[in-house]
Every structure is written in C-alpha cells, then in structure tokens.
1. Take the conditions in contact (Cβ under 8 Å) with a residue 40 or more places away in the chain and either open to solvent by 10 Å² or more (accessible area, probe 1.4 Å) or touching a helix residue (DSSP H, G or I) at 6+ places or on another chain (Cβ under 6 Å) (or both) and apply them to Asn300. Does it pass?
2. Might you let me know whether region 105-116 holds any residue that is β-branched (Val, Ile, Thr) and modelled with pLDDT of 90 or more?
3. For residues that are open to solvent by less than 40 Å² (accessible area, probe 1.4 Å) and either within 13 Å of Thr169 (Cα to Cα) or under 16 Å from the mean Cα position of the chain (by Cα) (or both), tally how many sit in region 228-241.
4. Name the residues in region 65-79 that are touching a helix residue (DSSP H, G or I) at 6+ places or on another chain (Cβ under 6 Å) and either surrounded by fewer than 17 Cβ atoms within 10 Å (Cβ to Cβ) or in a helix (DSSP H, G or I) (or both), would you?
5. Just wondering, is there one or more residues in region 276-288 that are over 24 Å from Ala163 (Cα atoms), of a type outside the set (Ser, Thr, Tyr), touching a Leu at 6+ places or on another chain (Cβ under 7 Å) and modelled with pLDDT under 95?
6. Tell me, which helices (runs of 4 or more DSSP H) lie completely within region 260-353 with 2 or more residues that are among the basic types (Lys, Arg)?
7. Of the conditions (1) among the hydroxyl-bearing types (Ser, Thr, Tyr); (2) more than 30 Å from Ala236 (Cβ to Cβ); (3) in contact (Cβ under 8 Å) with a residue 12 or more places away in the chain, Ser88 satisfies every one except a single condition; which number is it?
8. I need the full set of residues from region 248-269 which are surrounded by fewer than 24 Cβ atoms within 10 Å (Cβ to Cβ) and under 23 Å from Arg22 (Cα atoms), in order please.
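The values are calculated or read from the model by the stated rules, or taken from the named source; none is laboratory data. Nothing here was measured: the structure is a model prediction, and the numbers come from that model. When we count neighbours, we look across all protein chains shown, and the Cβ atoms used for this are built from the backbone with ideal geometry, even at glycine. Side chains included, ligands, DNA and RNA excluded: accessible areas come from the protein's heavy atoms. Shrake-Rupley method; radii C 1.70, N 1.55, O 1.52, S 1.80 Å.
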Amino acid sequence: LERALGYLEKAGENALHDGSFREAQALYEQARDVGQSLGIDQVSDRAAFWWKGIGTAHYFLGQMARSREYIEMAVGILDRALPTGRPSTVARLLEAIFMQFRSQRRRNKTSCDPAVKPTYDLVVDCYKILGQLYFLEGEPAEQLAYLSLRGLNVGEYAGSSAALACILTNTSFIASLAGLDRPARWYADRARTMTESGRERAAAAYVWHIDALRHAQHGDWSEALNCNGKAHALMAELGDYTLATEAAAVRSTLTLCTGDLNAATEAARIARDAAQEYGNDQYLCWALLDESEIALAIGNVEQAERCLMLALEVETDKADLSSTLDKQHAIAMLRLSQHRYDEAAEAATEVCR
C-alpha cells in the first residue's frame, strides 16, 4: 500500500501537468483513501499534499467552492489558519507588509532547511491558487493582498523556486490593481528573471499569463496579447497544459477587446474547444459569451441569442462572481439590441450591484 500511495501521488501530479483534471482529482482521492488505510493522519503534511492536489483539480474544472475548501484546509495544516473578519485580516496584512519590507533587506539570504523546502514551496503554491480564487469570487482587497504577501514571504524564506516566481507575479498583479505601478513592475521583472533558466522555468508560462492580465487591466491590449502569446508558446515548449484553457479564454477576451472580430472569432472557437476538452464549464461559459458578443458586434442577433442561451445553460459555480457578471452583461447588451429595454436594464442593474 505504501508503494501504491507513492505511485498514486505521482500519477496525480502528472495528470495535473497534462491538463487531465478529472483524472487528477480521482487519483488524489484514491491516494487519500489509501492513506486512510495506512493510518496516515488527515491533518499531516502528506494529507495536505492530497488536499492541495484535489483542490487544484477542482479549480481547473471551474468548481471554485470545492477548490477553496480543500486549498484552505491544506494551508491550515502546512502554515496557519486563514484570518476571518476584516479586523483580523487587516492585522495579518500589516504583519505581512512588515515582513516583506524586512525580507527585502535580507533578500537572497534564505535560512530554510533544504529538507523542508518542498513543504514551503507547496504552501506558496496554495497561496497562489487561493489568491486566484478570492479574486474571481470578488473578495475584499485586503484579503487578496494578505494572501499574496503571506505567500511571498514564505516563498522568499524558502528560496528560489517555481512557486516563488508564481507568487511574485501574483503580487505584481495585486499591486497593479492597487495602482502601485512601480512595485508592480518590480515584482513582475523579478518573476520573469527567475524563470529564465533552471527548475524555476517551469513557472514561465504562468508568469507570462498573469502578466497578460496585468497589462489587460490597464487596457494595454497589444502588450497583453504579446504576453499571452509567450505563455502559449511556453506551454507547448514545457509540455505543461495546466493553463491551456485559462490562457485560451484570456486570448478570446483580449482579441475581442481590440475589435479584431476575425481574430476574436477564431480565439473564441479555440477557447470553447479547449474548455470542452479539459472539462471546464466556467471557461466554456466564458467562450460562449464571447461568441455571443462577437455575433452581436457583426449584427448576427440570432447567433448571439443562440450562443447566449447555450452559455446560460452551462452551470457555473455559485461562488464564481466573474461568470455571473459576464452572463448579466451579455444579457444586457443583447436585450438592448433587441429593444427589450426592461430586461436590459434589469441585467445591467445586476452588473452594477
């Protein structure tokens, strides 16, 4: 059983890397069951590894509430319980800011025992995923900042790694959201430099992917598309298709924002195909909504209606605020074009609310 457990864990890792998320979830759940047979404590570091694997699979399947549940469990075991309530979160955030300032004075001077470094890297990766989940769920800015800075502080203590490069680029994104452009560029530069060679290169596709989102939030579509293209190229080079669906969905939206409807049509089709291949309902919904908006832009109202109805039939996670907003926005735009003003106003109100 001990040998079987090791094989199941490795198979789960490989399945995640290849984008086989349903298989990864099943493999990690089997590992959990074997671990229980062996009497492995469910709050041990090894159990946290299973929770993180299951949670990551749920994330890429668009099952956000389940993903958050498992990733938060892993963080509670490996590091500390997450703060609840605004006062506690702000206090933890201030602590994390202080630690970040202090760590910059001793950067590149890690004191982490190499034997436990993999555990620290696992913690950092958990904070990275939680940051993405909290962002998509519309959690307050202080929670996003805390997750990013706490993960960054742990990562810098542990030393250079793919996980640290990822949390650096997440921190860049959060700083950019807060209007802190200079720190945002500094963290982004550090992340890109870290992924130029060595084992950290495994994070290169993710770093460029998040950089695309950072440029997109400022309306810099050209640079965002450039970063997105580099992310796609690196996925093919590294054979890591974890982000394939997410990056395809981002490209669809970016090309739509540029007004290049021919490119947007092709990008949306690729995004839809990827979402169906990898089994992600969230990104399937987004691709269909993009196709609806493209059809509306070229005056094909009937096609826009068909795509919208298909998107609304896709069941997305209740915690997925981003999908809810996108659905209501698409309804508002289409109903406005059909002169169904009451329905358009109702959907637009939902977006603003």
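1. Answer is no for this residue.
2. Within region 105-116, none of the residues are β-branched (Val, Ile, Thr) and modelled with pLDDT of 90 or more.
3. Adding up the residues that qualify gives 4.
4. If the condition is that a residue be touching a helix residue (DSSP H, G or I) at 6+ places or on another chain (Cβ under 6 Å) and either surrounded by fewer than 17 Cβ atoms within 10 Å (Cβ to Cβ) or in a helix (DSSP H, G or I) (or both), then Arg66, Ser67, Arg68, Tyr70, Ile71, Met73, Ala74, Val75, Ile77, Leu78 are the ones that fit.
5. yes
6. 261-278, 321-337
7. (3)
8. Residue satisfying the conditions is Arg269 alone.
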